[in-house]
Amino acid sequence: MDKKIYDTYVRILEEELVPALGCTEPIALAYAAAKAGEVLGIFPEHLTVACSGNIIKNVKGVTVPNSGGMKGVEAAAVLGLTGGDPGQALEVLETVKESDIIRTKELIQNGFCDCVLKEGVANLYIEAKAVCKEEEAIVVIEDEHTNITRIEKNGRVLFEKEEAEIQAAEITDDETPDKNLLNLEDIIAFANEVRMEDVENVLGRQVKYNTRIAEEGLKNPWGAQVGRVVLEEFGGDVKWRAVAKAAAGSDARMSGCSLPVIINSGSGNQGMTCSLPVIEYGHAMEKTEEEIYRALCVSNLVALNQKRYIGSLSAYCGAVCAAAGAGAGITYLHGGTLEQIENTVVNTIADAGGIVCDGAKPSCAAKISTALQAAILSHKMAMRGLTFGRGEGLVMDCPEDTIKAVGYVGRAGMKQTDVEILNLMIGKTKIEEIS
């Protein structure tokens, strides 16, 4: 295949499949606050975090890892400030001690931190402002969970992303890998041709980390125990084991388990959804490690191909994109053709594409279960040569156009849906006012 596409796909996997401790939205808040504290240089008297609606939505109901069970924007931000290490990015809370938890609870109780809704900004936007007497530090994160775009101290800009990117490009002639090069045909060609030495470290880490948290979720009663219920009630064949493991990983992660996972599209839930079912099917089919890694190339890149049209955060549940990726990977493991893999993706998003995202919380595990059941059904259909026809709903003339159409609905069509979900969650829209 084309060398530029090959090298880009390797870099996409390296940059996207990274470890994160806990749900990525509260972790991004903790990272921003920890960085603001570092820039300020002294512990602040007050912390203000201004967030986009999607950040508030995705933090409200999820347990912050290493927090002693705390939830919410203030808990994530203050804990990052008191005990976080900004040098560890998405693993910022790895360094938290019991004394930091106690101090965080005291600070929150004393009104140390304010959270405000920031309107007219990117869906993923965090602005952390730390103040002590006349000193002030501001850190802004946009679009991606560790993408710091501006740092200020006492009104002076210390760092601004646009200028830094231009300078880096002039010095290194380096660029962010172009996800616009993603397409189903090249993804399959890449999976067939990729040299193991180029991907084995990143994919091996994904297998290790995500399997470990899935096993933790099945072993212990995390969250609503969706994974355990699936496994115990529906039997132990490979389909249900695949669904149960992904759901169990989410059970643990959404309820504060401190084990890190390897993310996809900035999401731990999506990282687990597109990888764990493929790993489970690979083991059940007695596939080699190399064969499983090639299938993981398919599942991860197919998920990323869909998300590039939707964006980091929206009212469209990202578990559907990840499940479609998992279904594609499973079809690949079964020796499916390019057409069968394409049909698996189309069938999945034509079926489960309407699931809404109402924030990160324990019920994400159930949505993962639902999306994966659709993906496995879609795989079975595709292997029989069955698919939904073009012109039926959002199914377009070709698979890539279908992905693009569904992505457009997720990004643009569901924008108002996102607003109404947030208004209900924060109480701006009252239930009693709805007729």
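Summary of computed values
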{"quantity": "Probe 1.4 Å, accessible area per residue of the chain, Å²", "calculated": "42"}
{"quantity": "Efficiency of FRET between Glu233 and Glu134 - r from beta-carbon atoms, R0 51 angstrom, step 0.05", "calculated": "0.25"}
{"quantity": "Rounded if a/c under 1.5, otherwise prolate or oblate - segment 202-279, Cα gyration tensor axes", "calculated": "oblate"}
{"quantity": "For segment 183-257 and segment 35-97, distance of Cα centres in Å", "calculated": "27"}
{"quantity": "Rounded to the nearest 20 debye, dipole of segment 329-391 from Cβ charges on Lys, Arg, Asp, Glu", "calculated": "120"}
{"quantity": "Rounded if a/c under 1.5, otherwise prolate or oblate - segment 365-412, Cα gyration tensor axes", "calculated": "oblate"}
{"quantity": "Separation in nanometres of the label points that stand 7 Å from Cα toward Cβ, at Val157 and Asp178", "calculated": "2.8"}
{"quantity": "Segment 55-128 - percent relative contact order, Cα under 8 Å, separation 6 or more", "calculated": "28"}
{"quantity": "Neighbourhood charge, 14 Å Cβ-Cβ cut-off, centred on Cys132 and excluding it, Lys, Arg +1 and Asp, Glu -1", "calculated": "-2"}
{"quantity": "Overall form of segment 27-110 per C-alpha gyration tensor (a/c, 1.5; a/b vs b/c)", "calculated": "rounded"}
{"quantity": "Ranked by how many other beta carbons lie within 10 Å on average, peptides 364-376, 89-101 from highest", "calculated": "364-376, 89-101"}
{"quantity": "Estimated translational D of the chain in µm²/s (Stokes, Kirkwood radius over Cα pairs; 4 °C; 1.567 mPa s)", "calculated": "59"}
{"quantity": "Relative contact order %, the chain, counting alpha carbon pairs below 8 Å whose residues are six or more apart", "calculated": "17"}
{"quantity": "Check: the chain dipole with +1 on Lys, Arg Cβ and -1 on Asp, Glu Cβ, in debye", "calculated": "1340"}
{"quantity": "Solvent-accessible area of Lys4 with every protein chain in place, 1.4 Å probe, in Å² to the nearest 10", "calculated": "140"}
{"quantity": "With DNA, RNA and ligands ignored, accessible area of Ser312 (1.4 Å probe; Å², nearest 10)", "calculated": "40"}
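The values are calculated or read from the model by the stated rules, or taken from the named source; none is laboratory data. Just so you know, these numbers come straight off a predicted model, no measurement behind them. A quick note on method: Cβ atoms are made from the backbone with ideal geometry, for glycine too, and the neighbour counts reach across all protein chains shown. For the accessible areas, the whole protein counts, side chains as well, though only heavy atoms, and no ligand, DNA or RNA atoms are used. Shrake-Rupley method; radii C 1.70, N 1.55, O 1.52, S 1.80 Å.
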